[in-house]
Amino acid sequence: MGWAGETMDSIKSIQIRQLVSQVVSLGMIVTSALIIWKALMCFTGSESPVVVVLSGSMEPGFKRGDILFLHMSKDPIRAGEIVVFNVDGREIPIVHRVIKVHERNDTGEVDVLTKGDNNFGDDRLLYAHGQLWLHRHHIMGRAVGFLPYVGWVTIIMTEKPIVKLSLPQGRREGFVVRIIMLYGKAGMVNQAVDTFYNMHLFRCSCTVKSFNAALKVLTQTRDLNAVHLFLNEVSKKFSIERDIFSLNIAIKGFCDMGFLDSAYLVMIEMEKVGIRPDVITYTTLISAFYKENKFEIGNGLWNLMILRRCYPNLTTFNVRIQYLINKTLPWQANKLTSVMQRVGIEPDDMTFNLIIKGFFQAGFADMAKNIYFSLHRKGYKPNCKIYQTMVHYLCKTGDFDLACTLSKYSMSKNWFPSVDTVCKLLEGLSKKPKDVEAKTIMELIRKRVPPFSVKEIGTFENILSRTGKVD
């Protein structure tokens, strides 16, 4: 046992010495690397003296996997130089060529515009929203040398392309489209567009599916020129045939920006290349022109749609009904529901809510009530919005009895009108002598989920306390 024990202690001692030696060696390697890196930073004047090219945007000059050596002197940057720069909101720097410089008269500082040699347009789509030029602080350094392909080790270790390459083309594109849409939801438009441009890195061809995804995200910038450029020029560069979805995405984007004339022209241009507008196209345009009070154009588009045998759907009818209600024409709006039923389209909750609201606003409260009760006679169950509309306008017209009846039912289903409407209801009920309805409404109010705020409850109780009807 003594000999065996001494042997084990000796082995353990050797293992400990080896471990300590390995740790010291590793520490020296890491320390040396840091010292060398810091020395390079001081010598080159760049915060990152060595970078790896991650995309093919600079081909054929620099290919993916090349290592670039950077230097940052105090000399002004000139057109034609290749620079590495950061963009606000992006973690990965970009390697592109300077194509234009702009010298400020007041300070003499030089701003630059960049472009990838292999990209169609300049980099303004990649810059932060509203940014037109790169400033000095964005530039990490100028490229002064390179080693081909050495950086592939870094790319393989970080991206694990075997996962991407194992997917078939369709699934790879679906994967990229999801990335583009997720970038869009996060408000990272530049990254979404850059992902589309770099789809070849996933060994994935650009199709109209990924084009439409990037186009939809790009409309968030509200940049008319950028969307026009992408829609017309980028589709040509990648030989993508735009489809009806491309048309509708662009038109919806232009309408949201307020460029209705541009939206209409897109429809005309698309027709020239054989893309026929559908009901979504017309509905989007009609709705936008109605909202801008350009009723003549909206009506003209409605007639054009019918003339071309593109028949309205439920949404189109509701847009038309909303227009008639805004014009204080509830009777015409109500007649339109009969037309809907004749063509096989059943009005929905929004339709009935608009009609009821329209009659109330036009001063035909009895007609609004008749429509509401006719829904019950037909077995139709109104939704939360209809109850809220009814209670709101019944309180405005002074019909607190019916308003109370509807409120008790809707509140029991946790459907509550606005705070202002509740106050008007309680004020109206509190004026009735020996009436207990106000207390009943107050009990339902206290059961609301989520509950009203303490301040709102205090306001309700204060209304009832004036007449002594609060416990």
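Can you tell me the order of 234-244, 335-345 when each peptide is scored by its average per-residue count of other Cβ atoms within 10 angstrom, highest first? Spell out each step's value before the answer.
Details: 234-244: 15.0, 335-345: 13.2.
Taking the mean over residues of other Cβ atoms within 10 Å, the ranking is 234-244, 335-345.
Could you please rank 464, 147, 329, placing first whichever residue has the fewest other Cβ atoms within 10 Å of its Cβ?
On the way: 464 19, 147 12, 329 16.
Arranged by neighbour count, lowest to highest, 464, 147, 329 become 147, 329, 464.
Take 84, 266, 50 and order them by how many other Cβ atoms sit within 10 Å, fewest up front.
Numbers: 84 22, 266 26, 50 17.
Ranking 84, 266, 50 by Cβ neighbours within 10 Å, fewest first, gives 50, 84, 266.
Label residue 462 and residue 186 with points 7 Å out from Cα along Cα→Cβ: what is the distance between them in nm?
In this crude spin-label approximation the distance works out to 4.6 nm.
So what does log10 I(q)/I(0) come out to for the stretch 355-456 at q = 0.14, 0.16 Å⁻¹, using the Debye formula with one equal point on every Cα and no solvent?
Relative scattering, expressed as log10 I(q)/I(0), comes to -0.53, -0.68.
Using only alpha-carbon positions, what ratio does the radius of gyration of the stretch 360-403 give when scaled by 2.2 N^0.38 Å? Kindly include the intermediate steps, with their values, before the conclusion.
Details: Rg = 10.2 Å, N = 44, 2.2 N^0.38 = 9.3 Å.
So the stretch 360-403 has a normalised radius of gyration of 1.10.
How big is the gap, in Å, between the Cα center of the stretch 207-263 and the Cα center of the stretch 351-411?
Centre-to-centre (Cα) distance: 42 Å.
For the stretch 247-345, compute the orientation-averaged projected area of the C-alpha convex hull (one quarter of its surface), in nm². It would help to have the intermediate numbers written out before the result.
Working: hull surface 24.3 nm².
That works out to 6.1 nm².
What distance in nm separates the two pseudo spin-label positions at residue 427 and residue 103, each 7 Å out from Cα along the beta-carbon direction?
Taking the two extended label points, one gets 6.9 nm.
Between residue 273 and residue 295, what length in nm is gained on full extension when 0.36 nm per residue of separation is reduced by their alpha carbon distance? Please report the intermediate quantities before stating the final value.
Values: separation 22, 0.36 × 22 = 7.92 nm, distance 2.85 nm.
Stretched out fully, the residue 273 to residue 295 stretch lengthens by 5.1 nm.
Would you mind checking which residues have amide H under 5 Å from residue 141's amide H? H placed 1.01 Å from N; only 5 or more apart, or other chain.
Distant-sequence amide H within range of residue 141: 84.
Distance between the C-alpha centers of the stretch 276-311 and the stretch 177-191? Whole Å please.
First find each Cα centre; the distance between them is then 31 Å.
Tell me, in nm to one decimal, what length is gained between residue 413 and residue 203 on full extension, where the rule is 0.36 nm per residue of separation less the Cα-Cα distance? Display every interim value, and only then the final one.
Working: separation 210, 0.36 × 210 = 75.60 nm, distance 5.42 nm.
Taking 0.36 nm per residue and subtracting the Cα distance, the gain is 70.2 nm.
Using 0.36 nm times the number of residues separating residue 349 and residue 331, minus their current alpha carbon distance, what extension gain do you get? Mind showing how you got there, number by number?
Working: separation 18, 0.36 × 18 = 6.48 nm, distance 1.80 nm.
Taking 0.36 nm per residue and subtracting the Cα distance, the gain is 4.7 nm.
Measuring from the lowest to the highest alpha carbon on each principal axis, how far does the stretch 335-389 reach, largest first, in angstroms?
Principal extents (largest minus smallest coordinate, Cα): 30, 22, 18 Å.
How far is it, in nm, from the label point at residue 314 to the one at residue 420 when both lie 7 Å from their Cα along the line to the Cβ?
Each label point lies 7 Å from its Cα, and together they span 3.0 nm.
A short reminder: the numbers here are calculations on the coordinates, not readings from a lab. Since the structure is predicted, the reported quantities are computational estimates derived from the model, not experimental observations. All Cβ positions, even for glycine, are placed from backbone atoms using ideal geometry, and neighbour counts span all protein chains on display.
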